[in-house]
Amino acid sequence: MSLRVEEMAVHFGGVAALADVSFEVEAGRITSMIGPNGAGKTTAFNVITGFLRPLRGRVLYEGDPLTGLKPFQIAERGIVRTFQKTNVFPQTAVLDNVMIGLHLRERAGLAAILLRRRRVREEEATLAALAEEILAFVGLAHRRREPAGALPFGEQRLLELAIALAARPRLLLLDEPASGMNPAEKTAVMGLIRRIREQGVTVFLVEHDMRLVMGISDRVIVLHLGRVIAQGAPGEVQSDPQVISAYLGGR
Amino acid sequence: MEEFLQHILNGLILGGTYALLGIGLTLIFGIMNVVNFAHGEFYTLGAYTTFLFLALLETNFFLALLGAVASGILLGAICERLLLRPLLGESIDTTMLVMIGVWIAMQNAELTLWGGVAKSIDHPFPQPPLTLGPLSVAPLRLFVLGAAVLLIAGSHLLIHRTRLGRAMRATFQDRETAALMGVDIHRIHTVTFAFGSGLAAGAGALLGPVFVVYPAMGDPAALKAFVVVILGGLGNFAGATLGGLILGIAEELGAGYISSGYRDAVGFAIIILVLLLRPSGLFARAERVG
Amino acid sequence: MRRVGLGVLGALLLAAPFWVWNPYYVHILIMAGIFTILALSLNLLLGYTGQLSLGHAAFFGIGAYTSALLALRLDWPAWAGFVAAVLVAGLAGYGVGKVSLKLRGAYFVLVTISFAGVIYLVSVNWMELTNGPLGLPGVPPFEVAVAGLFELSFRSKPAFYYLVLGVAALAYLVCRRLVSSRIGRAFIALRENEALAESVGIDGTRYLVLAAVVSAAMAGAAGSLYAHYTRFVSPEVFLFTYTVTMVIMVVAGGKGTLAGPVVGAVLFTVLPEALREVTSWQWQMLLYGVLLILTVFFLPKGVVPALETWLRERRAIRP
Ligand SMILES: Nc1ncnc2c1ncn2[C@@H]1O[C@H](COP(=O)(O)OP(=O)(O)OP(=O)(O)O)[C@@H](O)[C@H]1O
Ligand SMILES: [Mg+2]
């Protein structure tokens, strides 16, 4: 068992965005969360990664509660997320974006940096090589010197993925990683997500593209109006009458 | 007890003008998302314009006050059209730097124009104080309080009872939606800045005859305006009115019972305490992540 | 090419007291050096972490008063006062940073202004310690002496010039090493996208406070040098004018670059001195205001980045 959410509730000005939601994300697999716009998917991500405090409920990761931890502390525990809206360091070069993502792997202290000790220089070199590797993995090696903000949209989304991977996640939360991409790019992202899982990373995915979701997920959780209305294997969920009516009938 | 009541009365008189300053700043802040560091300079402008009308043009006192408010409105509108409109949509830091530039430029323009020597403004009110039971108050100060109350009430009506005010409030709520609903954002911004600057100039014109007029008088005034905005909450009209009165009274009590050397420290202390103890309490606007 | 240029510049700076024959010009160079340290220090915060502190003169003043008081009241040697000034200012930076860096944007700016305002009022009103508005005259010159072994005096202008040049070079080096390291990358990440930075494990508060401490300590060093150079400290060191001058130097030079604050500091120390012959102080300040506005409109990134772009484009055109 990797991640476990228990009776999580979030209200915005009295309106429930999440109402006592409970679910689990199993280690080493790809779990997807789907649901109509405003269902509460991003809100759930925000609570899990410490950006939002829930009204009630708790989040357990490998048995330990995450409640009250700050986002950076949650990242230190190996839980890394991407954001629904494109999110890079726009004025920084693509390679340096990934270098920032490597932050947790660096050890150099203030004194060593000011004295520019040899191990600091060696660490820099190792990390730069690692960053190049990650860039090559997502297929952005040719862009390394360009400022991230100048990249076309689809490539910025890939860069976000690279930044998150640099932080060495054991659980990776992806919020609509393929939104706004063309079909070819989507297929590429699907391949990447599979390869990430093969490297032993647990993937928790929010995505609207059903072809993508049904194609790669081991399990699917359906959220509607802040409640889990179905969960199970992709095939089961697809034929669930409640799910169909949620998507067709709106509220 | 009598001394205490006297401090409260003096505090109210100061507080009324602080509220005027604060209302202008809070509207500009809330509606335009501009931190107007030049706000105090419009206060100075109001005071000097009054002086100009009275001492050099020798007009009627009340006409001079109107002239001062008009000068604030005019220069405010020019400032918005020239410097802020081209920067619409830029980050808050960018407009803040520009307004810091305006602040320095205006203050030193005043200094060049009028010299550093403080000037006093004549007024038609009798000198001997009126006594109300145990309290005494100069007629001029009573007039200042009355005029401030009138201006505050007028602003309240403008914002809550007119179409223009409704458009301003809609822009404050959500600029994009207001634009979609047909509000002319450019016009609202010009009006807001001109209006806020006019109120600041009015405050300067009212306090000019009470104290003296000098080029750097806008600095403490701007500080007070910021305190009022922070006390009352960002973009909060009623809060600014209340905040102004609270600050006026707090200052009078601080100066009366602690030490007059630290009078201005009251303002700084309020800013630090309020922002640090209730960083989200008074002006919470939760940001969205994701 | 770049290396040769830097070498020539370094040689010119080192030889300055020999080719700058007018002592008044040496004085301007010294002030430019002190402001270079200040601009570099503000740039760490404003340029790299993106936090606009308008209370920076407070740390300069704290450094100046620490040095002056330790020398006058406790007879500390200047170098010890200098070290103490750096530490005390850094400590103040820690305290202020710790409490105020929870805030962002305008609120942070206001708290920093208020903090500087309170310190200024204390320096004016706490007569017993600071001698109030009259200030502290007779601060001893900068001298380093080890009993009987050697003595080094920075009393003369050329000697003091070398001291300032050394400290400025050190400040530059500290900035350079810091910003090209993981710490600098964390600063930049927090400036460009705080949520994303936190999501990859960067502890925002910790790095912002670190920036505030280093920045304040550097400003304290500048303050100490200033006290021992002018030999007089008064509440004027806290004046907002100093902060504004620093902000203009950083913004006009190019915030978030290493060369920007240096260029800005030299430009805005020499320019007012050049104008001094023809205009009065308030005209200079007026011009400062106008220049700040013009910079935001026409050189939003500052002189150095604009020059770099221009050079790159020229090179690209040439075959
Ligand atoms: N910061 C906030 N303040 C107020 N309401 C919010 C906030 N964040 C989200 N909401 C509301 O909470 C509900 C859930 O939003 P959420 O972003 O989690 O939905 P979602 O499932 O991610 O939708 P989408 O598919 O459109 O991304 C929505 O009704 C939304 O308007
Ligand atoms: Mg969402």
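Bear in mind these aren't lab numbers, they're just calculated from the coordinates by the rules spelled out. Computed from a predicted structure; not experimentally measured. We place every Cβ from the backbone using ideal geometry, glycine too, and count neighbours over all the protein chains shown.
Worth a mention:
- Whether the range A:120-171 is rounded, prolate or oblate, judged on the alpha carbon gyration tensor where a/c under 1.5 counts as rounded: oblate
- Spatial offset of the range C:154-174 relative to the range C:114-137 amounts to 28 Å, using the alpha carbon center of each.
- The GNM of chain A, with springs linking C-alpha atoms under 10 angstrom apart, assigns the highest mean-square fluctuation among A:Arg227, A:Arg118, A:Arg81 to A:Arg118.
- Between the range B:130-196 and the range A:84-149, the alpha-carbon centres lie 52 Å apart.
- Kirkwood Rh and Cα Rg combined as Rg/Rh, the range B:119-227: 1.11
- Within chain A, the selection of entire DSSP H helices by a Cα span of 18 Å or greater along the long axis and an average Kyte-Doolittle value of at least 0.0 returns A:118-138, A:153-166.
- In the range C:23-239, Cα pairs under 8 Å separated by at least six residues give a relative contact order of 44 percent.
- Relative contact order [Cα under 8 Å, 6+ residues apart], chain B, whole percent: 39 percent
- The helix-based estimate of mean residue ellipticity at 222 nm for the protein assembly as shown, built from -39,500 (n - 2.57) per DSSP H run of four or more residues and divided by its residue count, is -20000 deg cm²/dmol to the nearest 500.
- Anisotropy class of the range B:17-215 from Cα gyration tensor, a/c 1.5 cut: oblate
- The amide H of A:Arg56, built 1.01 Å from its N in the peptide plane, has A:Ala9 as neighbours under 5 Å, considering only residues 5 or more places off or on other chains.
- Centroid-to-centroid separation of the range B:91-109 and the range C:226-277 [C-alpha atoms, Å]: 18 Å
- Translational D in µm²/s for the range A:90-164 (Stokes-Einstein at 25 °C, 0.890 mPa s, Kirkwood Rh from C-alpha pairs): 191 µm²/s
- Taken residue by residue and averaged, Cβ atoms of other chains lying within 10 Å of the Cβ of C:107-113 number 6.
- Debye log10 I(q)/I(0) for the protein assembly as shown, one point scatterer per Cα, at q = 0.07, 0.08, 0.10 Å⁻¹: -0.65, -0.83, -1.20
- Zero-based 5 Å bins, Cα pair distances in the range B:136-290, whole percents: 2, 8, 13, 18, 19, 17, 11, 7, 4, 2, 1, 0
- By the count of neighbouring beta-carbon atoms within 10 Å, fewest first, B:Met1, A:Met214 end up ordered B:Met1, A:Met214.
- With neighbour counts taken as other beta-carbon atoms within 10 Å, the residues B:Lys119, A:Lys41, C:Lys157 rank, fewest first, as B:Lys119, C:Lys157, A:Lys41.
- Straight-distance crosslink candidates among lysines, where the alpha carbon sits under 30 Å from C:Lys98 and sequence neighbours closer than 8 are dropped: A:Lys70, B:Lys224, C:Lys255, C:Lys301
- Two-site label geometry, A:Ala112 and C:Arg104: point separation in nm, points 7 Å out along Cα→Cβ: 3.1 nm
- Mean partner shielding of peptide C:282-289, defined as the number of other chain Cβ atoms within 10 Å of each residue Cβ, is 6.
- Rounded, prolate or oblate (a/c below 1.5 giving rounded, otherwise prolate when a/b exceeds b/c) for the range B:65-139 by Cα gyration tensor: prolate
- Counted over the range A:169-220 with a bin width of 10 Å, the fraction of Cα pairs per bin, in whole percents, is 24, 63, 13.
- Reduced Cα scattering model of the range A:134-246, Debye log10 I(q)/I(0), q = 0.10, 0.15, 0.22 Å⁻¹: -0.34, -0.71, -1.26
- Environment charge of B:His7, counting only residues whose C-beta is closer than 14 Å and scoring Lys/Arg +1, Asp/Glu -1: -2
- Charge tally for C:Ile183 (other residues, Cβ to Cβ under 11 Å; Lys, Arg +1; Asp, Glu -1): +3.
- Fewest-first ranking of C:Trp21, B:Trp114, C:Trp281, using other Cβ atoms within 10 Å as the exposure measure: C:Trp21, C:Trp281, B:Trp114
- With the gyration tensor restricted to C-alpha atoms of the range C:8-152, the semi-axes of the equivalent ellipsoid amount to 30, 23, 15 Å, longest first.
- Cα-based convex hull, chain A, per residue volume (Å³, whole number): 139 Å³
- Cβ-based net charge around A:Arg219, under 14 Å, with every Lys or Arg adding one and every Asp or Glu removing one: -3
- Magnitude of the charge dipole, chain A, Cβ model with Lys/Arg +1 and Asp/Glu -1, debye to 20: 600 debye
- Working from label points 7 Å from Cα in the Cα-to-Cβ sense, the B:Leu82 to A:Arg56 distance is 6.0 nm.
- Averaging 1/r over every pair of different alpha carbons in the range C:23-239 and inverting the result gives a Kirkwood radius of 17.8 Å.
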